[in-house]
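Asks: Take a look at the following structure, please.
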Amino acid sequence: MTALNTLIDLAIMIFAGMFLGRMAKHLHLPNVTGYLVAGLLIGPNLTRLIFGADAFCLLSDDFLESISIISDVALGFIAFSIGNEFKMSYFKRVGAAPIVIACLESLFAVLFVVAGLLIAGQEVAFSLVLAAIAAATAPAATIMVIKQYRAKGPVTESLLSVVAIDDATALILFSLSVAVAQAVSGLSG
């Protein structure tokens, strides 16, 4: 992969994101909506789903693999940003409400997904792992919308706390569900 190809792919990615971010803003939607649509349109998954495995993609597979570190670093910054909003003084002031909301929301998401997948005839191990993933929220989109609209106040404080607790709960549930799924698969296999 040449440096010129990398720059072209990067330019396509940035311009598509900026253009569709502006279009979303004109439609009175958060910019992050445009970024997500841009990723869907120029990424390989949608074109391959519609047109088949040999479909043309605007971004090369080599480029997408080489920038995976950027998404890892960005997720690290997002997690740090949410953790930075996590203040014990807030919990002393409002009590356990955000913790209860996050835990119940995660628990019900997991229960509904497990039940739905088991009813659909999926294996227990698969159902548990997928259900644990369902407990997570989208902290990147949440943070971007809050920053774009400069939202402040009790709802925003609660939202950030719930998102942080929710994602921590999802990580714990995912770890446990993978261990249980491996044990269940080992017993049946």
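Asks: Sum up the charges of everything whose Cβ sits under 14 Å from the Cβ of Gly34, counting Lys and Arg as +1 and Asp and Glu as -1, but leave Gly34 out.
Replies: So the environment of Gly34 carries a net charge of +2.
Asks: Contour minus end-to-end for Ala96 and Ser185, with contour as 0.36 nm per residue of separation and end-to-end as the Cα-Cα distance?
Replies: Full extension of this stretch gives 28.3 nm more.
Asks: Follow-up question, since we're still on this one. At most 12 other Cβ atoms within 10 Å plus a DSSP loop assignment makes a site exposed; report the longest stretch of the chain without any exposed chymotrypsin sites (Phe, Trp or Tyr not before Pro).
Replies: After excluding every exposed loop site, the longest remaining stretch is 57-148.
Asks: Another question, if that's okay. What value does the chain have for Rg/Rh, both radii from Cα atoms and Rh as Kirkwood defines it?
Replies: On the way: Rg = 19.9 Å, Rh = 19.4 Å.
Computed over Cα atoms, the ratio is 1.03.
Asks: What accessible area per residue, rounded to a whole number of Å², is obtained for the stretch 25-144 using a probe radius of 1.4 Å?
Replies: On the way: 7850 Å² over 120 residues.
On a per-residue basis, the stretch 25-144 sits at 65 Å².
Asks: With contacts defined as alpha carbon pairs under 8 Å and 6 or more residues apart, what's the relative contact order of the stretch 108-189 in percent?
Replies: Relative contact order of the stretch 108-189: 40 percent.
Asks: Moving on to the next point. Determine the distance separating the Cα centre of the stretch 115-189 from the Cα centre of the stretch 1-38; give it in Å without decimals.
Replies: About 27 Å separates the Cα centre of the stretch 115-189 from the one of the stretch 1-38.
Asks: Tell me, what % of the accessible area of the stretch 130-170 is carbon and sulfur with a 1.4 angstrom probe?
Replies: Roughly 71 percent of what the probe reaches on the stretch 130-170 is carbon or sulfur.
Asks: Lys25: which aspartates and glutamates have alpha carbons under 20 Å from its alpha carbon, excluding same-chain residues fewer than 8 sequence positions away?
Replies: Partners found: none.
The values are calculated or read from the model by the stated rules, or taken from the named source; none is laboratory data. Fair warning: this is a prediction, and the values are worked out from it, not measured in the lab. Positions of Cβ are backbone-derived with ideal geometry, glycine not excepted, and every protein chain shown enters the neighbour counts. Calculation scope for accessible area: heavy atoms of the full protein, side chains included, ligands and nucleic acids excluded. Shrake-Rupley method; radii C 1.70, N 1.55, O 1.52, S 1.80 Å.
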